[in-house]
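One structure is given here, and the rest of the page talks about it.
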Amino acid sequence: MRSRFRVLEVWPAAKIPRTLADADVGGSAARDGVLSAETLLAEWPPGASAPTDYRLASLPPDTAICRLVRLAKIRWRIEHDHREMKHGLGPDHFEGRTWRGRRHHVTLVTAAHAFLTLRRLDPEVEAPA
């Protein structure tokens, strides 16, 4: 996976609340007319005619671009692990009827996934042929 990234400082037209508690119904930003600057991460894959993904970050403006990219792309790692676990270890293969049995099955699948991840990351383990 390769892409080009660019970080820009932008001033959004409206503040999108991250939670209901963050919603500023009274509009303090509207009173003074100035919204705070946000960090925009733009992704431009090779071969694309324009950037394809944009992300607003509320991290400090001096955050390193490699950290911004890593945090933006962590979802890919999570989805990859979930797909690997689902197809390789079978968390959905449980056909029992009890909550206790389901919990035991998911616990064993999770332990197997952790073991395989540690084996994959260990530099001293030989790769399969």
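The values are calculated or read from the model by the stated rules, or taken from the named source; none is laboratory data. Note that the structure is predicted; figures quoted are calculated from it, not measured. Quick reminder, even Gly has a Cβ in these numbers, built from the backbone with ideal geometry, and neighbours come from all protein chains shown.
Some points to look at:
- For segment 66-114, residues that are closer than 30 Å to Arg4 by Cα and among the acidic types (Asp, Glu) total 3.
- Condition met for Val109 (in contact with a helix residue (DSSP H, G or I) (Cβ under 9 Å, 6 or more places away or on another chain), surrounded by 10 or more Cβ atoms within 10 Å (Cβ to Cβ), of a type in the set (A, V, I, L, M) and modelled with pLDDT of 85 or more): yes
- The number of residues in segment 21-56 being touching an Asp or Glu at 6+ places or on another chain (Cβ under 7 Å) and at pLDDT 80 or above comes to 6.
- The set of residues in segment 81-102 that are surrounded by fewer than 11 Cβ atoms within 10 Å (Cβ to Cβ) and basic (Lys, Arg) comprises Arg83, Arg97, Arg100.
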